[in-house]
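Take a look at the structure below.
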Amino acid sequence: MMLRLVHVLVVAALVFAAADVYKIKFDSTLQAERVAKLRAEVRHERDLIASLRATWSELDNPERLQVLARRHLPLRPIDTAQYDALDRLPERPPQVVPPTETDPIASLIGRDVDVTGSIPAQAQGR
């Protein structure tokens with residue numbers, strides 16, 4: 001009687017072990033399929049990135065940009081007569097803060113000085 005009980009318990013343990021091994025195999029198959037799907041998605045994304053880089057390279061081609069600039073921008077070649085003589089350049093704006101000042105912002109407070117414009121105040125009124 002005792003021997004039969006041990007046999008039944010061993011058979012039951014073997015059945016549970018087989019079921020557990022089958023479950024582990026099924027889970028591992030699902031995980032392998034998931035990994036394969038993810039690898040395919042990664043491959044697809046890499047192909048898309050390569051395609052976008054090729055398109056960007058084509059769009060960024062200097063010859064293509066030059067043709068588009070000629071077609072759509074009203075630019076003309078630079079003529080040497082467009083340059084002006086150095087004596088006709090505007091004068092440098094006056095230095096508002098002396099270079100020896102330790103705190104240039106504090107020296108500007110309380111003065112009536114236009115620090116943002118490069119054109120003198122008398123020339124602005126024209």
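Read-outs: derived from the displayed coordinates by stated rules, not from any lab. Every value quoted in this text rests on a predicted model; they were computed, and no experiment measured them. As a convention, Cβ positions derive from the backbone with ideal geometry for all residues, glycine included, and neighbour counts pool all protein chains shown.
For V6 and E91, the difference between the fully extended length at 0.36 nm per residue and the C-alpha to C-alpha distance is 19.6 nm. Ignoring the sites themselves, the chain has its longest run without GluC sites (Glu not before Pro) in a DSSP loop having at most 12 other Cβ atoms within 10 Å at 1-90. Would you work out which of A69, Q82, T102 lies farthest towards the positive end of the dipole of the stretch 66-107, given +1 charges on the beta-carbon of Lys and Arg and -1 on that of Asp and Glu, about the Cα centre? Toward the positive end, the furthest listed residue is A69. Within the set of other residues whose C-beta is less than 12 Å from the C-beta of Q31, count the net charge using Lys and Arg as +1 and Asp and Glu as -1. After counting each charged neighbour, the total is +1.
Here the Karplus relation 6.51 cos²θ - 1.76 cosθ + 1.60, evaluated at θ = phi - 60°, turns the backbone of the stretch 20-35 into coupling constants of 5, 5, 4, 5, 4, 5, 5, 5, 5, 5, 4, 5, 5, 5, 5, 4 Hz, with x for every Gly and Pro.
Find the Cα radius of gyration of the chain, compare it with 2.2 N^0.38 Å by division, and give the number to two decimals. Working shown, then result.
Working: Rg = 41.0 Å, N = 126, 2.2 N^0.38 = 13.8 Å.
Rg over 2.2 N^0.38 Å, computed on Cα atoms: 2.97.
Rounded to the nearest whole Hz, the Karplus-based 3J(HN,Hα) values (6.51 cos²θ - 1.76 cosθ + 1.60, θ = phi - 60°) of the stretch 41-48 follow the sequence 5, 4, 4, 4, 5, 5, 5, 5, with x at glycine and proline. When Rg and Dmax are taken over the Cα atoms of the stretch 2-72, they come to 30.2, 100 Å.
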